[in-house]
Amino acid sequence: MMVHTVLVTDDDQDIRDGIEIYLKNEGYHVLKAANGLEAIQLLEENEVHVMILDIMMPKMDGISATFKIREQRNIPIIMLSAKAEDSDKIHGLSVGADDYVTKPFHPMELVARVKSQLRRYVTLGNYEDKAQRIEIDGLILDTNAKDVTLHGETIKLTPIEFKITELLMANAGRVFSIHEIYERVWNEPAYNAENIVAVHIRKIREKIEADPKNPRYVKVVWGIGYKMEK
């Protein structure tokens, strides 16, 4: 049985050590870093499946580290922050994070979020009506290879972006409400989901649309939600 690796990055040693105890109790291998630079170095030297990344750190903060990581990797990133405002969460998600946890947090909640992100990362593409290869006007999503291409060019999506794109492409023409998208993708009840889903939709459009303000693929149905145009 494969042991998955979680990289915990926080400048507070007590937080790193505390998270490590709970993750190891769940059977995970844990790596620890005190800042973004150390985290990137560990990523280059190890196979990592999920990252827990604090925002406020010396040398390189979590936002800068996420920008750098997303240039090459799409592994799930869970951001930690003492800031609880929606604007802070939206900013963290908009730069490429997949989830956002506010300090203080219960360690088992964080463990549950690690498990959820890991399920999506390892087993992308589990919708009942999925096809192995879905194509819409040059946009191709392969659930086996876990990649997306547009007219032959690879599109780098985060795990959450991939799941949203897969949901919409597998059900092209069907309109999904924001709450439906959140509950199907995040596997938890939708609460204040509007901004979170909107941020991810915007990022998807920036990656797959020639003109994100006049999208060909991901359409908004005002007052209802989003759909993938056939």
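The values are calculated or read from the model by the stated rules, or taken from the named source; none is laboratory data. Since this is a predicted model, take the numbers as computed values, not measurements. Glycine gets a Cβ as well: all are built from the backbone with ideal geometry, and neighbour counts include every protein chain shown.
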* To do: Go through (1) outside any loop (DSSP other than H, G, I, E, B); (2) surrounded by 14 or more Cβ atoms within 10 Å (Cβ to Cβ) and name the single condition residue 96 misses.
  => (1)
* Criterion violated by residue 212 - all others in (1) touching a Lys or Arg at 6+ places or on another chain (Cβ under 8 Å); (2) touching a residue at least 60 places away in the same chain (Cβ under 8 Å) satisfied -> (2)
* Does the stretch 109-133 hold any residues that are at pLDDT below 90 and in contact with a helix residue (DSSP H, G or I) (Cβ under 8 Å, 6 or more places away or on another chain), and which are they? -> 116, 117, 120, 121, 124, 125, 127, 129, 130, 131
* Answer with yes or no whether residue 194 is surrounded by 12 or more Cβ atoms within 10 Å (Cβ to Cβ) and without any contact (Cβ under 8 Å) to a residue 12 or more places away in the chain. => no
* Asked: Quick check: anything in the stretch 145-163 outside any helix (DSSP H, G or I) and among the aromatic types (Phe, Trp, Tyr)?
  -> no
